[in-house]
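The values are calculated or read from the model by the stated rules, or taken from the named source; none is laboratory data. Model, not experiment: these values are computed from the prediction. Because the Cβ atoms are built from the backbone with ideal geometry, glycine has one as well, and the counts that use them run over all protein chains shown. Ligands, DNA and RNA are excluded from the accessible area calculation, which covers all protein heavy atoms including side chains. Shrake-Rupley method; radii C 1.70, N 1.55, O 1.52, S 1.80 Å.
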Amino acid sequence: MKGNEVSPLSRTAVAERAAEQFRVWHGAEPGGVWYAPGRANLIGEHTDYNEGWVLPFALDQSVVVAARRRGDGALDIRSRQAEGPVTVPLATLRAGSVTGWAAYPAGVAWALREAGHAVGGASLVIDSDLPQGAGLSSSAAIECATAVALATLYQVGVSRPELARLARRAENEMVGVPSGIMDQSASLLCEAGHALLLDCRSGDTAPVPLDPAAAGLELLLVDTGARHALTDGRYALRRAECEQAARALGARSLRDVDDPARTAEIADPVLARRARHVITDNCRVRAAVDLLNAGDLAGLGPLLHASHASLRDDFEISWPEANVAAEAAEAGGGLGARMMGGGFGGSVIALVPADAEGPREAIAAAYASRGWPPPRFLPAPPSAGAGRLL
Ligand code: GLA
């Protein structure tokens with residue numbers, strides 16, 4: 001049996017749908033409709049909060065926010081995908097004061113105001129064609145779509161990198177997840193046809209050409225069906241382990257360690273493995289950038305394979321469905337595949353020949369033979385970062 005191919009709605013169709021929903025709920029035209037995409041990550045996993053390097057790219061699927069200013073100093077937040085409305089007076093916002101899904105947009109308004117930006121009330125209607133819990137950063141996309149909407153509605157002059165930092169602050173302090181800066185940066189800064197090289201210490205970014213179709217290849221996401229939540233504590237535990245490993249090596253962060261052999265200096269074998277993953281994945285990001293700049297996209301295959309093994313065996317955050325999907329993708333003719341994102345659920349990214357059925361069939365067959373529901377496939381052409389649609 002084959003898996004299900006997910007064909008995205010066009011962004012404009014989602015924007016029209018959100019605008020129409022806004023009219024129904026508020027009896028008025030929205031002031032505008034903005035979108036922010038989900039992200040895939042080519043390579044560099046759990047390296048962002050270690051001040052290392054990441055290489056994400058934006059997806060075609062996004063979160064859309066239809067928004068309009070309000071004069072009563074309140075946020076009215078509604079979503080076509082969640083229960084609501086949630087109404088919050090801006091003056092009452094504190095770190096952690098909003099819980100549940102509305103914490104993401106409310107947290108962004110709070111972070112903007114904390115940074116001294118004169119953002120007032122707004123009605124926000126959220127819509128999305130981005131699967132939730134699939135490891136594609138739907139939460140960062142909600143934050144970033146809200147950030148560009150509020151910044152435009154209130155004519156706040158704030159750069160995209162600064163918006164990414166504020167959106168991350170919303171996630172860290174309003175939602176309470178100690179995530180890094182990768183997802184928000186990808187959603188706000190990516191360019192179509194490119195990945196984004198991000199140095200998570202300096203904040204420096206560079207677009208790196210990523211055009212699989214021109215190389216006769218395709219980047220394929222496999223939603224493994226296993227759900228993950230960054231809020232469940234395991235992400236925070238990995239982060240704490242990395243900080244301990246850096247201390248054991250006398251380094252400010254694992255970014256400062258280049259030689260994987262140095263992990264022999266760490267007495268605790270678990271911490272040594274965690275460090276080895278981060279150190280080697282940082283090396284793989286830079287190797288991947290060199291390959292892409294040299295036009296050798298196929299050369300990424302072995303790096304993806306090695307990254308998966310490192311995430312599975314050293315960082316220990318892979319999950320059964322991801323291991324099966326990555327292995328089957330390669331057995332079916334893929335050049336390389338790996339689990340993606342925070343871990344313990346979500347998606348696999350595979351580099352496969354364009355139009356090849358082999359990897360999809362091999363993954364679907366491996367799932368069927370285990371009695372698992374068919375996985376969903378999402379073709380992932382590198383797309384543009386956040387912007388305005390209507
Ligand atoms: C999640 C976090 C990111 C990053 C990845 C793992 O997506 O939000 O900051 O740490 O996990 O690379």
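Contact annotation: residue pairs with Cβ atoms under 8 Å, 6 or more positions apart or on different chains, pairing a residue in region 300-321 that is more than 20 Å from Leu219 (Cβ to Cβ) with a partner that is aromatic (Phe, Trp, Tyr), are Ile317/Phe344; Trp319/Phe344.
If you check Ala192 against the conditions, is it among the hydrophobic types (A, V, I, L, M, F, W, C), surrounded by fewer than 22 Cβ atoms within 10 Å (Cβ to Cβ), closer than 17 Å to Pro37 by Cα and away from the ligand (no atom under 16 Å from the Cβ)? Considered against the rule, which asks whether it is among the hydrophobic types (A, V, I, L, M, F, W, C), surrounded by fewer than 22 Cβ atoms within 10 Å (Cβ to Cβ), closer than 17 Å to Pro37 by Cα and away from the ligand (no atom under 16 Å from the Cβ), Ala192 comes out as yes. The number of residues in region 153-178 that are modelled with pLDDT under 95 and open to solvent by less than 10 Å² (accessible area, probe 1.4 Å) comes to 1.
A quick yes/no check of all residues on (1) assigned to a helix (DSSP H, G or I); (2) over 16 Å from the mean Cα position of the chain (by Cα):
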{"site": "Thr152", "(1), (2)": "yes, yes"}
{"site": "Val158", "(1), (2)": "no, yes"}
{"site": "Leu163", "(1), (2)": "yes, no"}
{"site": "Arg168", "(1), (2)": "yes, no"}
{"site": "Asn172", "(1), (2)": "yes, no"}
{"site": "Ser179", "(1), (2)": "no, no"}
{"site": "Ser185", "(1), (2)": "yes, no"}
{"site": "Ala195", "(1), (2)": "no, no"}
{"site": "Gly203", "(1), (2)": "no, yes"}
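Counting only residues that are aliphatic (A, V, I, L, M) and in a strand (DSSP E or B), which one in region 325-346 is farthest from Pro373 (Cα to Cα)? Here the residue is Ala337. When Ala74 is tested against (1) within 30 Å of Arg274 (Cβ to Cβ); (2) surrounded by fewer than 19 Cβ atoms within 10 Å (Cβ to Cβ); (3) in contact with a Pro (Cβ under 7 Å, 6 or more places away or on another chain), only condition (1) is not met. Given the condition free of Cβ contacts under 8 Å to residues at least 12 places away in the same chain and open to solvent by 60 Å² or more (accessible area, probe 1.4 Å), answer yes or no: does some residue in region 121-136 qualify? No, region 121-136 contains no residue that is free of Cβ contacts under 8 Å to residues at least 12 places away in the same chain and open to solvent by 60 Å² or more (accessible area, probe 1.4 Å).
For the residues Ile349, Ile363, the requirement of being touching a Leu at 6+ places or on another chain (Cβ under 8 Å) and either part of a strand (DSSP E or B) or open to solvent by less than 10 Å² (accessible area, probe 1.4 Å) (or both) singles out Ile349. Considered as a group, the residues in region 299-323 that are aliphatic (A, V, I, L, M) and surrounded by fewer than 20 Cβ atoms within 10 Å (Cβ to Cβ) include one that is nearest to Arg286 (Cα to Cα), and that residue is Ala306. All conditions but one from (1) in contact (Cβ under 8 Å) with a residue 12 or more places away in the chain; (2) open to solvent by 40 Å² or more (accessible area, probe 1.4 Å); (3) out of contact with any Ser or Thr (no Cβ under 7 Å at 6 or more places or on another chain); (4) farther than 18 Å from Ser137 by Cβ apply to Val208; the one that does not is (2). All of Glu16, Glu51, Glu83 fail the test of being touching a Ser or Thr at 6+ places or on another chain (Cβ under 6 Å), open to solvent by 20 Å² or more (accessible area, probe 1.4 Å) and either within 30 Å of Ser318 (Cβ to Cβ) or not basic (Lys, Arg) (or both), apart from Glu51.
In this structure, Glu243 qualifies as within 15 Å of the ligand (Cβ to nearest atom), surrounded by fewer than 20 Cβ atoms within 10 Å (Cβ to Cβ) and assigned to a helix (DSSP H, G or I). Applying the selection to region 105-119, what residues are open to solvent by 20 Å² or more (accessible area, probe 1.4 Å), in contact (Cβ under 8 Å) with a residue 12 or more places away in the chain and either assigned to a loop (DSSP other than H, G, I, E, B) or under 16 Å from Ser185 (Cα atoms) (or both)? If the condition is that a residue be open to solvent by 20 Å² or more (accessible area, probe 1.4 Å), in contact (Cβ under 8 Å) with a residue 12 or more places away in the chain and either assigned to a loop (DSSP other than H, G, I, E, B) or under 16 Å from Ser185 (Cα atoms) (or both), then Ala115, His117, Ala118 are the ones that fit.
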